[in-house]
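One structure is given below, encoded as structure tokens.
The values are calculated or read from the model by the stated rules, or taken from the named source; none is laboratory data. Every value quoted in this text rests on a predicted model; they were computed, and no experiment measured them. Neighbour counts run over all protein chains shown; Cβ positions are idealised from the backbone, glycine included.
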Amino acid sequence: MHAEIFALGSELTTGAKLDTNSQWLSVELAALGIETRFHHTVADDLPAMLDELRAAAFRSELAILTGGLGPTADDLTRDALAQLAGVPLEEDAASLAHVLACYRRFGRPMPPKNRVQALVPAGAEVVPNPRGTAPGLWMTLPPGAGPDAPGGPGGCTLVALPGVPAEMKPMFRESVAPRLPRGTNLIRVARVNLFGAGESSVEERLGDLTARGRVPEVGITAHEATITLRIVARGTDETEIERQFAEVRRLAAERVGDLIFGEEDDTLAGRLLATLRARGETLAVAEVGTGGRLADWLSEEDDPAAPAFLGGVTENRDDYCLGEPVAPGDAAERVRRQWGATYALFTPTLSAEGDGPGLTLATPDGPVREPYRRVGDSTIARSRLGKAALDLLRRHLVGLAT
């Protein structure tokens, strides 16, 4: 079974709001063995919605829609589904009773316009919404004879859910997922996170691991200088899935192991803190060019019950720290001693030319210095510099630092 997901609403196409529902639904469908082939974001435009729905209903066996089930004039999902199926909208007594009951709980009379939320395309089923006023809809189109027919060769199931995530997610898990057929193959996604090289360099080192058509599929994405290998494995059981993941991890470790710092939601700061905590060691920071990002990341991920991050300072000059002049690069050692930490990191001023004292890691055995040149997008320069500092300590701890 293949699926398509629709996020409906002009607030999405104008950029006023971000569509996170489609991402969440794709992950949930993959867990059922259902592959999502298309994401659609469509404005509150009935002809446009109908065009996209007709194409999806002919191509795929499942379409899930979020949004457009409210009571206002721009909530067009009910109308679109009814016109797609060529049936009228009918008032559903149980849905109307549900909406009325919601307003009684609110202690307010139901506005007349909310009655529209009880309208259902003839022949469609209602998906209960215990957390909101807008019921969902389940509609099945029979197989059609051609591209102009409502349903494709295998027919199509269309499920409409509210756009509010707090309502949509439990409705999907409680009332939709149990009714969907499981795919013949499981689909699972794993991530391996790297830092220290660009996308093209990483891809070159990985070789055929990212080749198109390879099983499992391995893609590369980048976010603020962190590189992620996204592994999509398909198999008939969990054992086969894990075998595919293990093989990719083995090859990645052979080819880019010096860059790997974690998996899934691991961050450089989080993994580094866990390593320091396991070693009984601590860290302080002296920040100039990062604008406090290191302290923010480290304090966010540290364990208050057993802190590995002791604190630090944010300055605006390379030659000034803790109220006194300091030689360039020596701020790390001054902060290390001030906080009584095992290690301290210094991040220099960012300049367009890249000149400056570079990164410094203060250790009990003396400083480790590393040149740093600003490269790439200026909007992520501070994050890149902060991650470079954390990675310097990570490499030092595993014997890879310069």
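In the stretch 2-102, which strands (runs of 3 or more DSSP E) lie fully inside it and hold 3 or more residues that are of a type outside the set (G, A, S), crowded, with 17+ Cβ neighbours inside 10 Å and touching a residue at least 24 places away in the same chain (Cβ under 8 Å)?
2-8, 35-42, 62-66
Only helices (runs of 4 or more DSSP H) whose full extent lies in the stretch 223-305 are considered here, and the ones with at least 2 residues that are of a type in the set (G, A, S), free of Cβ contacts under 8 Å to residues at least 60 places away in the same chain and under 21 Å from L345 (Cα atoms) are 268-279, 293-301. Consider L119 carefully, then state whether it is surrounded by 12 or more Cβ atoms within 10 Å (Cβ to Cβ), farther than 13 Å from L53 by Cβ and in contact with a Phe, Trp or Tyr (Cβ under 9 Å, 6 or more places away or on another chain). No; evaluated as a whole, the condition is false for this residue.
Only a single criterion out of (1) buried (at least 19 other Cβ atoms within 10 Å of the Cβ); (2) in contact with a Leu (Cβ under 7 Å, 6 or more places away or on another chain); (3) part of a helix (DSSP H, G or I); (4) at pLDDT 95 or above is not satisfied by A341, namely (3). When the stretch 313-333 is filtered for residues that are out of contact with any Phe, Trp or Tyr (no Cβ under 9 Å at 6 or more places or on another chain) and among the charged types (D, E, K, R), the ones remaining, listed by number, are E315, R317, D319, E324. Filtering A160, A190, A197 for residues that are farther than 27 Å from L62 by Cα and touching a residue at least 24 places away in the same chain (Cβ under 8 Å) leaves a single hit, A197.
The sole residue among A308, A341, A389 that is closer than 30 Å to S200 by Cα, touching a helix residue (DSSP H, G or I) at 6+ places or on another chain (Cβ under 9 Å) and of a type in the set (A, V, I, L, M, F, W, C) is A389.
Take the conditions assigned to a strand (DSSP E or B) and closer than 13 Å to A362 by Cα and apply them to L310. Does it pass? Spelling it out, it is not the case that L310 is assigned to a strand (DSSP E or B) and closer than 13 Å to A362 by Cα.
Take the conditions (1) crowded, with 19+ Cβ neighbours inside 10 Å; (2) out of contact with any strand residue (DSSP E or B) (no Cβ under 6 Å at 6 or more places or on another chain); (3) among the small types (G, A, S); A332 misses just one of them, which is (2). Considering only residues that are part of a strand (DSSP E or B) and in contact with a Lys or Arg (Cβ under 8 Å, 6 or more places away or on another chain), look in the stretch 191-202 and name the one that is surrounded by the fewest Cβ atoms within 10 Å (Cβ to Cβ). Step by step, filter the stretch 191-202, then rank; the result is R191.
Taking each residue of the stretch 359-374 that is assigned by TED's automatic domain parsing to the domain that holds V335 and assigned to a strand (DSSP E or B) and looking for partners that are modelled with pLDDT under 90 and aromatic (F, W, Y) with beta-carbon atoms closer than 9 Å, six or more apart or interchain, yields L359/Y372. Filtering the stretch 103-116 to residues that are crowded, with 17+ Cβ neighbours inside 10 Å and either free of Cβ contacts under 8 Å to residues at least 40 places away in the same chain or not hydrophobic (A, V, I, L, M, F, W, C) (or both) leaves M110, N114.
Of the residues R182, R173, R212, the single one that is exposed (fewer than 13 other Cβ atoms within 10 Å of the Cβ) and touching a Leu at 6+ places or on another chain (Cβ under 7 Å) is R182.
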